[in-house]
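Down below is the structure, laid out as structure tokens.
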Amino acid sequence: MATQHVALVPLGVVPAWSLRASFHLVVAAQVLLFAGSNLPTPLFAIYEHRYGFGPGVVTLLFCSYVAVLVPALVVLGPLADRVGRRPLLVAGIAVTVLSSAVFLAARSVGWLFAGEMTYGIASAMVMSCVSVAIRELHPRGDVAAGALAASVAMAAGMVLGPLTSGVLAEVTPWPTTSPYVLDIVLAAVLAVALVGVPETRPPGATTSPRARTFHVPAEVRAAFIGPAAMGAATFMVVGWVFGLSPSFFHDELHVRITRPVIAGMFAALVALTTGASQLLLRRQLGRRPATGALLAVVLGMAMIAASSALSCLAMAVVGGVVIGAGAGVAQMNAMATVQRTAPLHARGSAMATYVTICYLALSLPVLIAGQAADRFGLAAVTWWYAVAVLLVVLVSLRLSPRADIRVTA
């Protein structure tokens with residue numbers, strides 16, 4: 001059932017775009033954000049050789065992005081409800097230009113850390129409001145369809161980022177320059193275009209400087225915990241895929257992956273399957289589809305763990321496809337439930353809380369697993385990781401709302 005549109009609030013800038021065009025521009029911001037955050041992934045092998053560091057530094061680079069992102073969300077979370085969605089979107093995309101410029105000018109590993117941390121700030125600015133803006137600018141005001149668009153945009157960015165960067169690194173003479181030049185151009189154009197989108201902050205949104213970042217109203221907290229655990233479970237798996245899968249394929253399945261264009265192929269495959277499942281199964285919103293999706297995530301992790309004992313690359317690849325299919329539907333359900341249950345005046349801070357939980361789940365478990373792998377081996381740690389994901393899934397299933405979300409289109 002379609003929901004009523006949120007009233008558009010003019011905050012000093014006359015909208016230059018129609019509602020439909022504005023919706024697509026904000027979706028593009030979500031795609032570009034997640035694509036840009038993954039541009040360095042295929043280039044790390046080049047950076048390792050150029051600056052003389054090892055895999056441990058790569059893990060620290062990954063964690064430095066999240067380490068800045070989470071506290072930045074704490075600071076910036078309330079702003080989506082206080083100053084509006086549009087200012088944060090424009091400023092956040094503009095800061096991604098600065099981040100790519102830092103990577104472009106990199107002369108040492110310190111520059112790489114600076115680039116990752118700058119992108120963490122930009123991501124916090126955009127993530128605190130972009131999913132809410134997508135939902136509020138949906139032409140039909142459809143909560144579920146807006147959640148679908150936000151989830152597919154995230155998956156699309158995670159596919160396009162490493163693939164685009166890897167291809168440009170292969171086909172141009174400037175492997176660590178061309179990806180960032182492209183990102184700077186696209187982000188600069190998009191930041192200017194976003195100035196013309198209408199503001200959607202509701203008239204009743206708080207303007208108090210004391211607004212809390214992590215504010216989930218008491219009346220919806222019980223309904224929030226289950227979807228938050230659902231999102232955390234899927235992001236735990238995404239963290240393993242992007243953080244540990246290259247080492248797993250190299251050490252356990254003896255796959256030699258060195259060229260940038262194929263360095264992130266497994267992660268891109270999982271992200272591609274995630275987006276495809278959301279498009280193909282976009283009507284599968286509700287407790288039963290969510291349960292099946294979460295069980296698929298656990299099954300996929302178990303298949304990958306078992307592939308080491310069987311020395312079966314095909315099983316690991318199929319496991320990745322199963323994970324992607326399950327994660328896509330689960331993320332779509334989780335985001336739709338959070339957006340549906342959060343009241344207008346606290347929707348931005350509720351989404352900031354949800355995103356923060358997801359990113360903690362993305363980074364902390366894989367960081368612990370990476371350290372444990374040095375002592376116990378990556379094969380054993382992957383089994384433990386699958387068990388940990390199962391425990392979070394059980395929490396989600398126990399606490400998720402039983403009411404279904406209906407889709408009209």
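Bear in mind these aren't lab numbers, they're just calculated from the coordinates by the rules spelled out. These numbers come from a predicted model, not from an experiment. Cβ placement follows ideal geometry from the backbone for every residue including glycine, while neighbour counts extend to all protein chains displayed.
Label 7 Å along Cα→Cβ of TYR51; the stretch 158-192 residues with amide nitrogen under 15 Å?
Label zone hits: 176-177.
Can you give the net charge of the other residues whose Cβ lies under 14 Å from the Cβ of VAL57, counting K and R as +1 and D and E as -1?
Around VAL57, the surrounding residues sum to -1.
Using Cα pairs closer than 8 Å and at least 6 residues apart in sequence, work out the relative contact order for the stretch 216-401, in percent.
So the answer I get is 42 percent.
Averaging sequence separations of C-alpha pairs under 8 Å and six or more residues apart, then dividing by the length of the stretch 13-200, give the relative contact order as a whole percent.
43
Could you run the Karplus curve 6.51 cos²θ - 1.76 cosθ + 1.60 with θ = phi - 60° over the stretch 99-115 and give me ³J(HN,Hα) per residue in whole Hz, x for Gly and Pro?
After applying 6.51 cos²θ - 1.76 cosθ + 1.60, I find 4, 5, 5, 5, 4, 4, 8, 4, 10, 7, 5, x, 5, 5, 4, 4, x Hz.
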